[in-house]
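Please read the structure below before turning to the comments.
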C-alpha cells in the first residue's frame, strides 16, 4: 500500500504545529519545561519564551513536520511493495 504524499505531509505539518503551539503555551503560562524550550530555541529563528514565541515555534514546527512527513512517505513508498 502506498501513502499519499500530500495528505501525509500536510497531516504531519498540522499536528506538529498545533502540538508545538499548545506545549509552548503551557510552558509559557506555567514555566514547565522552560529549559527544554531554551534548548530548542536555536532551531527556531525568532523564538522567545513568550506568547509570540509560541506562534513562531508553531510556524517552524509546521514546516519541519511537512518536510519530515514528506521524507517519510518518499522513503516508505520506495520500500513498500504494491
- Of (1) at pLDDT below 95; (2) surrounded by 14 or more Cβ atoms within 10 Å (Cβ to Cβ); (3) assigned to a helix (DSSP H, G or I), residue 26 satisfies every one except (2)
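Please verify whether region 34-49 includes one or more residues that are under 11 Å from the mean Cα position of the chain (by Cα) and surrounded by 12 or more Cβ atoms within 10 Å (Cβ to Cβ). Give the steps one after another, and end with the answer.
The initial filter retains those residues of region 34-49 that are under 11 Å from the mean Cα position of the chain (by Cα), namely 44.
In the following step, the residues that additionally are surrounded by 12 or more Cβ atoms within 10 Å (Cβ to Cβ) were identified as 44.
Yes: region 34-49 contains one or more residues that are under 11 Å from the mean Cα position of the chain (by Cα) and surrounded by 12 or more Cβ atoms within 10 Å (Cβ to Cβ).
Within region 7-23, is there a residue that is part of a helix (DSSP H, G or I), at pLDDT below 90 and either loosely packed, with under 12 Cβ neighbours inside 10 Å or within 11 Å of the chain's Cα centre (by Cα) (or both)? Working first, answer last.
Of region 7-23, the ones part of a helix (DSSP H, G or I) are 7-23.
So of that shortlist, the ones also at pLDDT below 90 come out as none.
No - not one qualifying residue is present in region 7-23.
The values are calculated or read from the model by the stated rules, or taken from the named source; none is laboratory data. Just so you know, these numbers come straight off a predicted model, no measurement behind them. In this analysis, Cβ positions are derived from the backbone assuming ideal geometry, glycine residues included, and neighbour counts consider all displayed protein chains.
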